[in-house]
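Asks: Below is a structure I'd like to ask you about.
The values are calculated or read from the model by the stated rules, or taken from the named source; none is laboratory data. Model, not experiment: these values are computed from the prediction. In this analysis, Cβ positions are derived from the backbone assuming ideal geometry, glycine residues included, and neighbour counts consider all displayed protein chains. What goes into the accessible areas is simple: the full protein's heavy atoms, side chains included, and nothing from ligands, DNA or RNA. Shrake-Rupley method; radii C 1.70, N 1.55, O 1.52, S 1.80 Å.
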Amino acid sequence: GQGLTGTDTSLSDLSDGRNVDHYTLGPASGADGYDGKQAWTQDSSGTVNIENGGDALPLAINNAYRNANLWWKPDFGGAAVKDAGSRSADGRHYDVLTFTPRNGKPFDAWFDGTTHLLARVVERQGPQTVVTTYSDYRPTDGAQFPHKVVVDSGLGAKYLQTVTPTSLQFVPAQPAETYAPPRVTVADFSIAGNAAQTQFPIYLYNNHIYADASVDGSAPMNFIFDTGGHNILVPSTAKALGIKAEGAMPGTGVGNKAQDFGLAKVQALKVGDATFRNQVVGVLDFEPDGVEGVTIKGMVGFEVFKRFVTRIDYGAHTMTLIDPKHFDPKDAGTPIPFVFDGDDPEVNGSFEGIPAKFDIDTGARDELTLTAPFVAAHDLRAKHPKGVDAVEGWGVGGASRGYVTRGAELAIGPVKIPGVVTSLSTQKKGAFASPSFQGNIGGGVLKRFVVTFDYVDQIMYLKPLPAPVADVGVFDRSGTWIDAVKDGVAVMDVTGGGPAQAAGLKAGDVITEVDGKPAASIPLYELRRQWRDEPAGTLVNLVVKRGTASRKVALTLRDQI
């Protein structure tokens, strides 16, 4: 499915469900497993992650429970079980039970009312409800196995995945090491001259980190650097370099929609004086140029950060990749342990004293976004009467909406930050609809520090920059979300009751002049910054085009939170 074919060899212990999968899919290969204590993944480059963040471990426990058919044990294998009644679908009758394995999470199992074989599993995985159907049962050594498995992630028919077994067999019990995370030494990267580190300049636009990168010997190109992302080329870059992508898988992010992405292989990715060889990359249009106001050729993500200790000095505008063997943490700042939520560093902290797990995301422009389930569970909207519903971000899948307010205090481990601009997400789909974590900390907070990520030892260090730090603790005072277009900036969204609405602006308007200057001559990120940082009461004189007619508009900036 999804434009890709491949093979997967899956081995499962029928006594307790421990398992390991090895797969090859298009240009990518890898593995994942559960050893009875830890869930782990191995990517195409060989690096291994222990997945203790998000809902990875509970989902691995659920999968082990099903692999071993523990529901047939006299005590249901230690799970809590509820009768969810009878259902009808596709002209058939099903008996449905809800299982919650010990240390797992709830899932529904649909059993065929006639054959009593498992026909469907419905399970919440992060922000998505995944439906897996089983059919075409055939016997192997007297046991029934489905010969057609269809996985539906709820993203539409084009993204269905169909698995057909080609071989099934029972084998003797395997040693514990079979299911354990592999011990590997990755040797696909180097720094020129065997140097201990490489440092290069970075640029901050919209609180995002940009720097030059080169692919397969190309001239340096503008890439975004994202701890929560992967190594990615935008389609135009891949085409220009003659790199062919395979597949059309669903790329998801903060928005409500999925976007196609493929996989490709590059011979060399160079960042600073560091070179990474034989890398599998995604090919995805993850950020239209108009959203950032700068041309983005690709993304540098987890695969690079995993190999080095990465220091981001937001004050000096530099990034340093340090060989882990040469890293000395004594002056790095406050150490904060983290676990991996997929490929995101996840830290323990709190919001206004409420314990929470936060993903650390250099690819997010905002300060703090709290997930919709966390907001609802603690009735945070009612506790923050001063705020505004707004588009406060844009990423894969489109706009991100939330109720933006000011939080009293954010704690990242022992580091406390008062007065953080906080978005209480109102998303029904996308990453911020997930109950598996509570919030996302972005560049708006991180830019207060020198941030060092040690992915090997899973520690983040925060060293405060000298005060005051510019452009923090403030939110848009215009009441718009604007994107760059040929003639200036387009008004993509207008906040209800905000300054722009009071001035008569509407979504679809194009601002062609700002205070007598052509809007197209002002970098988008600079205009957004001005409309955050200019004092409330500042009058901005605009020329606005609606359809074929232009008119003058006076926009008065004011605080919205």
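Asks: Can you compute the radius of gyration and Dmax for the range 198-332, using only the Cα atoms, both in Å?
Replies: In order Rg, Dmax, the Cα atoms of the range 198-332 give 15.0, 46 Å.
Asks: Now a separate question. If Lys and Arg each add +1 and Asp and Glu each add -1, what is the summed charge of the other residues whose beta carbon sits under 12 Å from the beta carbon of I232?
Replies: Values: positive: K297; negative: D226, D285, E287, E303.
Its environment carries a net charge of -3.
Asks: Tell me the per residue accessible area of the range 188-243 using a 1.4 Å probe; a whole number in Å² is fine.
Replies: Accessible surface, normalised per residue, equals 41 Å².
Asks: How much length would be gained if the chain were fully extended between D188 and K325, taking 0.36 nm per residue of separation minus their Cα-Cα distance, in nm to one decimal?
Replies: Working: separation 137, 0.36 × 137 = 49.32 nm, distance 1.60 nm.
Computed gain between D188 and K325 is 47.7 nm.
Asks: Only Cα pairs under 8 Å and at least 6 apart count here; give the relative contact order of the chain as a rounded whole percent.
Replies: Working: 1390 pairs, mean separation 64.9, N = 561.
Relative CO of the chain lands at 12 percent.
Asks: Here's something else I'd like to know. Using 0.36 nm times the number of residues separating N348 and T115, minus their current alpha carbon distance, what extension gain do you get? Don't skip to the answer; put the middle values down first.
Replies: Details: separation 233, 0.36 × 233 = 83.88 nm, distance 4.66 nm.
Contour length minus Cα-Cα distance gives 79.2 nm.
Asks: Return one number: the angle in degrees, 0 to 90 and rounded to the nearest 10, between the long axis of the Cα atoms of helix 56-67 and the longest principal axis of the Cα atoms of the chain.
Replies: Around 20 degrees separate the two axes.
Asks: Next question, about the same structure. So, counting K/R as plus one and D/E as minus one, what does the shell of residues with Cβ under 11 Å around V450 add up to? Provide the component values of the computation, followed by the final result.
Replies: Working: positive: R311, K447, R448, K463; negative: D313, D331.
Its environment carries a net charge of +2.
Asks: When only Cα pairs under 8 Å and 6 or more residues apart are kept, what is the percent relative contact order across the range 354-463?
Replies: Working: 209 pairs, mean separation 41.2, N = 110.
Worked out over the range 354-463, it gives 37 percent.
Asks: What accessible area per residue comes out for the range 84-165, rounded to a whole number of Å², with a 1.4 Å probe?
Replies: Working: 4390 Å² over 82 residues.
Averaged over the residues of the range 84-165, the accessible area is 53 Å².
Asks: Moving to a separate point now. Based on the Cα coordinates of the range 300-367, what is the per residue volume of their convex hull in Å³?
Replies: Details: hull volume 9.0 nm³, N = 68.
Per residue, the Cα convex hull of the range 300-367 comes to 132 Å³.
Asks: Considering the alpha-carbon set of the chain alone, what are its Rg and its Dmax in angstrom?
Replies: Just the Cα atoms of the chain yield Rg and Dmax of 25.2, 81 Å.
Asks: Residues of the range 432-509: accessible area per residue at 1.4 Å, in Å²? Present the calculation step by step, with values, prior to reporting the outcome.
Replies: Details: 2660 Å² over 78 residues.
That works out to 34 Å² for each residue.
Asks: Roll a 1.4 angstrom probe over the protein heavy atoms and tell me the percent of accessible area of the chain that is carbon or sulfur. Mind dumping the intermediate values first?
Replies: Numbers: 12950 of 24840 Å².
Of the solvent-accessible surface of the chain, carbon and sulfur hold 52 percent.
Asks: With every protein chain present, what accessible area does M460 have (1.4 Å probe, heavy atoms only), rounded to the nearest 10 Å²?
Replies: Near enough 0 Å² of accessible area.
Asks: Then there is this: Straight-line reach from K486: which aspartates and glutamates have Cα under 15 Å away, leaving out those fewer than 8 places along the same chain?
Replies: Once the sequence-local aspartates and glutamates are set aside, what remains near K486 is D289, E292, D509, E513.
Asks: May I ask for the Kirkwood hydrodynamic radius of the range 477-530, worked out over all distinct Cα pairs and given in angstroms to one decimal? Can you show the working numbers first?
Replies: On the way: mean 1/r = 0.0902 Å⁻¹.
Roughly 11.1 Å, rounded to one decimal.
Asks: When DSSP assigns beta bridges and you keep just the ones with both residues in the chain, what percent turn out antiparallel, to the nearest 5? Walk me through the numbers on the way to the answer.
Replies: Details: 165 of 176 bridges.
Around 95 percent of the beta bridges assigned by DSSP in the chain are antiparallel ones.
Asks: Separate question: Longest span of the chain, sites excluded, free of trypsin sites (Lys or Arg not before Pro) in DSSP loop with at most 16 other C-beta atoms within 10 Å?
Replies: Segment 258-385 is the longest.
Asks: Report Rg/Rh for the range 457-499, rounded to two decimals, where Rg is the Cα radius of gyration and Rh the Kirkwood radius. If you can, show how the numbers build up before the last one.
Replies: Values: Rg = 17.4 Å, Rh = 14.2 Å.
Here Rg/Rh amounts to 1.23.
Asks: Something else now. Sum -39500 (n - 2.57) across every DSSP H segment of at least 4 residues in the chain, then divide by the residue count to get the 222 nm mean residue ellipticity, nearest 500. Walk me through the intermediate numbers first.
Replies: On the way: 9 runs with 54 residues, N = 561.
After summing the helix terms and dividing by residue count, I get -2000 deg cm²/dmol.
Asks: How fast does the range 156-201 diffuse by Stokes-Einstein, in µm²/s, taking the Kirkwood radius from C-alpha pairs at 25 °C and 0.890 mPa s? Don't skip to the answer; put the middle values down first.
Replies: On the way: Rh = 17.3 Å.
The calculation lands on 142 µm²/s.
Asks: Say R0 is 41 Å: what FRET efficiency, to the nearest 0.05, do A176 and E534 get from their beta-carbon distance?
Replies: Step by step, r from the Cβ atoms, then E = 0.05.
Asks: Right, here's the next one. Go ahead and run the numbers for FRET between D83 and A316, Cβ-Cβ distance against an R0 of 56 Å, rounding to 0.05.
Replies: E between D83 and A316, to the nearest 0.05, is 0.35.
Asks: Sticking with this one: At 7 Å along the Cα-to-beta-carbon direction for both R558 and A248, put a label point, then send me their distance in nm to one decimal.
Replies: According to this spin-label approximation, the distance is 4.8 nm.
Asks: Which loop-located chymotrypsin sites (Phe, Trp or Tyr not before Pro) does the range 150-211 contain, where loop means any DSSP state but H, G, I, E or B and the Cβ has at most 16 other Cβ atoms within 10 Å? Before the final figure, lay out each step's value.
Replies: Working: sites: Y159, F170, Y179, F189, Y203, Y205, Y210; in loops: F170.
Answer in residue order: F170.
Asks: Further, regarding this structure: Largest first and to the nearest Å, give the Cα extent of the range 111-253 along each principal axis.
Replies: If we take the Cα atoms of the range 111-253, the spans are 65, 40, 30 Å.
Asks: Which net charge results for the neighbourhood of A89, defined as the other residues with beta-carbon distances under 14 angstrom from its beta-carbon, given Lys and Arg at +1 and Asp and Glu at -1?
Replies: Computed value for this residue: -2.
Asks: Given 0.36 nm per residue, what is the gain on full extension from K37 to R546 after removing their alpha carbon distance, in nm?
Replies: On the way: separation 509, 0.36 × 509 = 183.24 nm, distance 6.02 nm.
That works out to 177.2 nm of additional length.
Asks: Once a ≥ b ≥ c are taken as the square roots of the eigenvalues of the Cα gyration tensor of the range 156-234, is the result rounded (a/c under 1.5), prolate (a/b larger than b/c) or oblate (a/b not larger than b/c)? Provide the component values of the computation, followed by the final result.
Replies: Numbers: a/c = 2.96, a/b = 1.67, b/c = 1.77.
Judged from the Cα gyration tensor, the range 156-234 comes out oblate (a/c at least 1.5, b/c at or above a/b).
Asks: For the range 366-426, state the semi-axes of the equivalent ellipsoid (square roots of 5 times the eigenvalues of the alpha-carbon gyration tensor), sorted largest first and rounded to whole angstrom.
Replies: Values: eigenvalues 71, 41, 25 Å².
The three semi-axes for the range 366-426 are 19, 14, 11 Å.
Asks: If you don't mind, there's one more thing I want to ask. Out of every Cα-Cα pair in the range 1-95, what percent are more than 17 Å apart? Present the calculation step by step, with values, prior to reporting the outcome.
Replies: Details: 2816 of 4465 pairs.
I get 63 percent for the Cα pairs in the range 1-95 exceeding 17 Å.
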